[in-house]
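Visitor: Here's a structure for you.
The values are calculated or read from the model by the stated rules, or taken from the named source; none is laboratory data. What you are looking at is a predicted structure, and each value in this text was computed from that prediction instead of being measured. Note that we place each Cβ from the backbone using ideal geometry, even for glycine, and neighbour counts take in every protein chain shown.
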Amino acid sequence: EAQVTQNPRYLITVTGKKLTVTCSQNMNHEYMSWYRQDPGLGLRQIYYSMNVEVTDKGDVPEGYKVSRKEKRNFPLILESPSPNQTSLYFCASSFVGGTVTYEQYFGPGTRLTVT
Amino acid sequence: AQKVTQAQTEISVVEKEDVTLDCVYETRDTTYYLFWYKQPPSGELVFLIRRNSFDEQNEISGRYSWNFQKSTSSFNFTITASQVVDSAVYFCALSEAFQGAQKLVFGQGTRLTINP
């Protein structure tokens, strides 16, 4: 089954304790992205990657890191989480085709609470 | 800069009514893509439709239809004969075709509640 998986699905942590949220896709997509969803703000892009070893900042990158060492994986790293990073996080992936923008497929989401 | 506005924060209707969700966008590009996603209470995001800026034909898929009007920068979504299972948050999104970078900008979402 074609899918994007994220782990963990739920996480409660304390301020300053480094954490990683994993994301993996099995569709051989070049493009992967991380979003956070907050009430009243919709989804906002954190980081994205056009291919292996190619990453770039989205609209709200502060406090986050990513890496793309393999095509299928795109982990999100919070080196020192703070309460304002409490949010619902989504990983997404899609094909890349020149100037064509394809639909993105989303993982199930990770609900993160930082106390 | 690109922007998407969904002015309707919440809509509540009775089952079998028709309902339209509004989406207004801003972009400086002539080539762009518009999307609608559904987020049911279970939380996942489900892709509904993609439309490019050169295709202004309306689209119908079962009880769902989309009206794209470049003149008013709108991409509205109508559900005909709504059902309780249509209850969800619906997001409209915009992507500019810029060097293959697929930056997706979302609206704030409209929470649709269908009452039995």
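Visitor: Going through B:87, B:74 one at a time, which residue ends up being surrounded by 14 or more Cβ atoms within 10 Å (Cβ to Cβ), free of Cβ contacts under 8 Å to residues at least 60 places away in the same chain and under 18 Å from residue A:39 (Cα atoms)?
Guide: Only one candidate qualifies: B:87.
Visitor: Oh, and also: So which of A:113, A:55 ends up being among the polar types (S, T, N, Q) and touching a Leu at 6+ places or on another chain (Cβ under 8 Å)? Steps first, please.
Guide: On the way: A:55 fails: touching a Leu at 6+ places or on another chain (Cβ under 8 Å).
It is A:113.
Visitor: Among the residues of the stretch A:48-73, write down those that are in contact with a Phe, Trp or Tyr (Cβ under 7 Å, 6 or more places away or on another chain) and modelled with pLDDT of 95 or more.
Guide: A:61, A:64, A:66, A:68
One line per residue, one yes/no per condition, for (1) of a type in the set (Gly, Ala, Ser); (2) under 20 Å from residue B:39 (Cα atoms):
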site	(1), (2)
A:4	no, yes
A:11	no, no
A:16	yes, no
A:19	no, no
A:26	no, no
A:38	no, yes
A:44	no, yes
A:50	no, no
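Visitor: What are the residues in the stretch A:54-113 that are farther than 26 Å from residue A:15 by Cβ, away from chain B (no Cβ under 11 Å) and not charged (D, E, K, R), if any?
Guide: The one that is farther than 26 Å from residue A:15 by Cβ, away from chain B (no Cβ under 11 Å) and not charged (D, E, K, R): A:73.
Visitor: Looking at A:105, A:10, can you tell me which residue is of a type outside the set (S, T, N, Q), closer than 30 Å to residue B:6 by Cα and surrounded by 14 or more Cβ atoms within 10 Å (Cβ to Cβ)?
Guide: Of A:105, A:10, the one residue that is of a type outside the set (S, T, N, Q), closer than 30 Å to residue B:6 by Cα and surrounded by 14 or more Cβ atoms within 10 Å (Cβ to Cβ) is A:105.
Visitor: Residue check, residue A:18 against (1) touching an Asp or Glu at 6+ places or on another chain (Cβ under 6 Å); (2) without any contact (Cβ under 8 Å) to a residue 60 or more places away in the chain; (3) of a type outside the set (S, T, N, Q), all met but one. Which one?
Guide: The one condition residue A:18 does not meet is (2).
Visitor: Please tell me if residue A:46 is aliphatic (A, V, I, L, M) and farther than 20 Å from residue B:103 by Cβ.
Guide: When the stated conditions are applied, residue A:46 does not pass them.
Yes or no, residue by residue, for (1) polar (S, T, N, Q); (2) in contact with a Pro (Cβ under 6 Å, 6 or more places away or on another chain); (3) closer than 23 Å to residue A:104 by Cβ; (4) within 12 Å of chain A (Cβ to nearest Cβ):
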site	(1), (2), (3), (4)
B:8	yes, no, no, no
B:24	no, no, yes, no
B:31	yes, no, yes, yes
B:48	no, no, yes, yes
B:54	no, no, yes, yes
B:58	yes, no, no, no
B:61	yes, no, yes, no
B:71	yes, no, no, no
B:76	yes, no, yes, no
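Visitor: Report whether or not residue A:58 is small (Gly, Ala, Ser), under 25 Å from residue B:35 (Cα atoms) and out of contact with any Pro (no Cβ under 7 Å at 6 or more places or on another chain).
Guide: Numbers: small (Gly, Ala, Ser): yes; under 25 Å from residue B:35 (Cα atoms): yes; out of contact with any Pro (no Cβ under 7 Å at 6 or more places or on another chain): yes.
So residue A:58 fits the description; yes.
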